[in-house]
1. What base-10 log of the normalised intensity I(q)/I(0) is obtained for the range 28-70 from the Debye formula, alpha carbons as equal point scatterers, at q = 0.27 Å⁻¹?
2. When each pair of different Cα atoms in the range 423-542 is counted once in the 1/r mean, what is the Kirkwood radius in angstroms, to one decimal?
3. What FRET efficiency comes out for Gln382 versus Asp402 if R0 is 41 angstrom and r is the Cβ-Cβ distance? Round to the nearest 0.05.
4. How many nm is it between the label spots at Asp165 and Thr366, if each spot is 7 Å from the Cα in line with the beta carbon?
5. Quick one: which of 163-169, 480-486 comes out on top by average Cβ neighbours within 10 Å, and what's the full order, highest first?
6. Accessible area per residue for the range 595-653 in Å², computed with a 1.4 Å probe and the full protein assembly in place, what is it?
7. Let me know the shape class of the range 295-341, please: from the alpha-carbon gyration tensor, a ≥ b ≥ c as square roots of the eigenvalues, rounded when a/c is under 1.5, otherwise prolate if a/b is greater than b/c, or oblate.
8. Take Thr655 and Arg410, extend 7 Å from each Cα along the Cα→Cβ direction, and tell me the distance between the two endpoints in nm.
Amino acid sequence: MTAELVRGQNHPLSQSRLEIRISAGTPVAAAAALSDENGRIHGTEWVAHPGAPVQPGLEVSRQAAADHRLAVDLDAVTEAVHRVSVLLALPAANGGAGPARFGAVAAPFVAVTGLDGTEVASYTITGLDLESAVVALELYRRQGAWKVRAVGQGYAGGLAELFADQGLSEAAQLAAGIDEAVARGLARSVQAPPPRTSEGDRSRQAAAPAVGPDQGAAPQGAPGPVPPAYGGQPAGGQGQGGPQPAYGGATGPHASAGGGPVNYSHPRRQTSAPPPPPPAAPPAQPGQPTRPVAGDATGWSMEERLYNQVWGMFEDLARTAAAYRSAVDFAESRMDKELEQALSDPRSRIGGQGDAAREAARARYTQLVDQARASLDRDVAQLVAESEVVEPALPPAFARWDNPCWHAYRVPMEIPMALRLGDLRLPEAESIRIPMLLRLPLERGLWIDSGRTDSLDGSFTDSHDMRRLAMDTAVAHAARLLAVYPAGEFTVHVVDPAGSGAQALAPLTQTGVLAGPPAQGAAGVTEVLARLTQRVDLVQMALRGGAPDALPPGFDTSQQLLIVNDFPHGFDDRAVNQLRYLVDEGPSVGVHLMMVADREESAGYGPLLDPLWRALLRLTPVPDDHLADPWVGHAWTYEPPAVPHGSEVLREVLTQVAEARRTWNR
């Protein structure tokens, strides 16, 4: 029976091999500290954290996530260790984009379980406010036995204050190292879908490209206001998250938009009809699983249902793979323990007893693994069946380039919820690909890595081919962005200093969808960067002054994308600083960056560019296992979108986009 602990309460532990399962409403960094009987940490090597995830008897997650599983083997810790403390910290407390205190998020839940998933004790950490780091619970040794105690001790000064309180002399250095490791992990993480609300007006309208600096940009995967249009009125009324105040207006629950009449309606009262129910699955045959149906997730439109269904498939595959890996790890550890016991008994060495014990241990291992594999195969087969009905039903923004929906493409009238940037897969489930969907408008730029990548199939791609593939991938992404936005709502600029990307850029240049010819040479780079940075400054000043409608006549309010090829060639220090400025400040006012670059080639700038790379979502032109999910942190293999060989679908779509732009500009 599970013991539900309150702060200060303890509970005995009957097992030495445990899992600590953590669930939080926002990505948190998890760590575990070893300490002596007085609670002192003797050195940085006594702490397992994302930068050093494995210590004797401990293994923690390598990145921040909303769900964690920490592995603990109490028999493997040294005799000098008397406490194992489980630590949680908010990555945003030291410069991130999320919440900066635990009082602003849901109370974290921590559970101690056996390797089979049986809960031993659980603790919900309540009463936190300004704290950004907390000691959740501790496993401690008492008279030769281990117990768990609910602690819930928070620190407003973050991990540095926490480690200093536990006697670690290198507290600040270790906290900084953990922050750096978490930042690297967040930079490669796939954003989580925003939480779905059950109340309020959920009707979606076209979102506008700016976010007010006084309200800040919402982090990837975090709830935030729907960006209003530059004119001061929220785009689409209340949007998905309920009523939002306009920039420069009041901020109370009854605030008016743009200084208009006060709205006295209750902010959480529904003002639109409930959504129609999702399609029902046909009845299944006796003994057979329910047949999947496209769009059977919750949502107020078919697009939202499909979006939520894809994310549900993504999460299901992540968790079923995690269960399989955990079962295999448990089977291996039990077999090792049984073999060790058999070999340590001298009597087993006489006759065939030792051989029989070893065969029995291996047979039990095989049985457990086969059971886990059968469960995984069953779940994967169901997901494959669901994918087979979902994939053909996806709208163009969510669909692959080989989907027939592109042959009936028409320029849309409103902005979609999300955009497909490729596919994700796991090695345990090669038969299924999960669409990688990114919410729109973009909340951070993209980095198409043209550097050498360790090929998963052992093939070799030279640097010249990698640069060509990277530009082809960038063009495919840009074409899709142009295709899913209404005419005149998305503008693409290109900086190609040496003209090396001319062949790959041909679909964009020949169809006339670019704002102008690709900028070449140092002068062209300077002109484009100056124009876009000036645009960012102008919009920010208008928003800070509370006069978003005071922008110059004819000001282009569309989303702006700058494709930068062949960086750092042709970029001086001023241009580099402008790029960093666009990466940091541009997304909040509708200016986005797509870098096509090899990080090693810019190594001459030193750590100056590290924040730039971390702020961009890294994608590769060839399959690479560098992305992580926001639930259990699996390394997923990313596959870039590919236009079928010999297909003219991309040019046909761009031709329609160009014609719609010309009609719109008349």
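1. Normalising to I(0) and taking log10 leaves -0.90.
2. For the range 423-542, inverting the mean 1/r across all distinct Cα pairs yields 17.1 Å.
3. Between Gln382 and Asp402 the formula returns 0.95.
4. 5.3
5. 480-486, 163-169
6. 39
7. Because a/c hits 1.5 or more and a/b exceeds b/c, the range 295-341 counts as prolate.
8. Calculated label separation equals 1.9 nm.
The values are calculated or read from the model by the stated rules, or taken from the named source; none is laboratory data. As the structure is a computational prediction, the values presented were derived from the model and not from experiment. All Cβ positions, even for glycine, are placed from backbone atoms using ideal geometry, and neighbour counts span all protein chains on display. The protein model used for the area step is the full one, side chains on, heavy atoms only, and it has no ligands, DNA or RNA in it. Shrake-Rupley method; radii C 1.70, N 1.55, O 1.52, S 1.80 Å.
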